[in-house]
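A.B. asks: Starting off with a structure, shown below.
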Amino acid sequence: MASALLLKEGSYEQPYLYMDTLTPFELTEETMMKKLILLVLALMSLLLLSSTLWAAAPSAIDKGSIEQAQKTAATKPTVAMVMERVNAGVDLINKEGRAAFPKFKGIGSEFIYAGTYIWIHSPTTGKMLMHPMKPALEGKNVNPLRDRGGKLLFIEMNRVATENGSGWVDYQWPKPGEKKSSTKVSYVKMAEHNGEKFVVGSGVYDISLDDISKALGK
């Protein structure tokens, strides 16, 4: 004959049946074993999920791209050099679209030069699409990003690329390892592939607004 043992679970009482032939010690040992098995299974599932998420998560930095930037840092960038690299990047995106993104990253990439690099973002969504140094930024909305003076630099880049096709944008930004802001200038240009628009840009600290004006004959 079976008896019913009522146990509370949340706000409900549920009957758990056990045979009268089982002693309380045997019931406790069986229950503890079941709980132990469930705990082990839960821990294994958690470890598997954590490993999957870790593998899927983008790295905070790209070591290959950083190494390439360091290797080329001795070269001083010029206005013509920055524009030439961005123009080449735009030509590549116009031809291949997102499939070209890996070519902008890693050791040997021609788009990591003179200690700097090319990034690509969407003028439509504001999301960073390709960043060779910090892949963790990819997929993030960069439109709200302001410099120390309050300028919405990516909004301004979108405006320049949309209205003029290309152009230079200046803003205040700290150099790597520094807290004080310095003037930085970026050349941005619109690209398009299969109806999707991209802003391709590259920024440097070692070029002044006067340098740009002189190079462009203004």
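A.B. asks: When you count, for each residue, the other Cβ atoms within 10 Å and take the mean per peptide, how do 65-76, 126-137 rank with the highest first?
C.D. replies: 126-137, 65-76
A.B. asks: Give a residue-ordered list of calculated ³J(HN,Hα) values for segment 95-111 (Karplus: 6.51 cos²θ - 1.76 cosθ + 1.60, θ = phi - 60°; whole Hz; x for Gly, Pro).
C.D. replies: Rounded to whole hertz, the list is 7, 10, x, 4, 4, 8, 3, x, 6, 8, 10, x, 5, x, 5, 6, 9.
A.B. asks: Return the subset of LYS63/LYS151; LYS175/LYS197; LYS151/LYS197; LYS103/LYS151 for which the Cα-Cα distance in this structure is over 26 Å, preserving the input order.
C.D. replies: With Cα atoms farther than 26 Å apart: LYS63/LYS151; LYS175/LYS197; LYS103/LYS151.
A.B. asks: GLY217: net charge of surrounding residues, Cβ under 15 Å, Lys/Arg +1, Asp/Glu -1, itself excluded?
C.D. replies: Result for the neighbourhood of GLY217: 0.
A.B. asks: Here is a follow-up. For segment 128-209, which GluC sites (Glu not before Pro) pass both filters: DSSP loop (anything but H, G, I, E, B) and at most 14 other C-beta atoms within 10 Å?
C.D. replies: Answer by residue number: GLU178.
A.B. asks: Between their Cα atoms, which of LYS76/LYS127; LYS134/LYS214; LYS95/LYS127 are more than 24 Å away from each other?
C.D. replies: Exceeds cut-off: LYS76/LYS127; LYS134/LYS214.
A.B. asks: Relative contact order, percent, of segment 121-186 when contacts are C-alpha pairs under 8 Å separated by at least 6 residues?
C.D. replies: 19 percent
A.B. asks: Follow-up. Over segment 63-215, what is the relative contact order in percent, taking alpha-carbon pairs closer than 8 angstrom and at least six residues apart?
C.D. replies: Over segment 63-215, the number comes to 25 percent.
No value in this document is a laboratory result; all are computed from the given coordinates. None of the values given here were measured: they were computed from a predicted structure. Cβ atoms come from the backbone with ideal geometry, glycine included; neighbour counts cover every protein chain shown.
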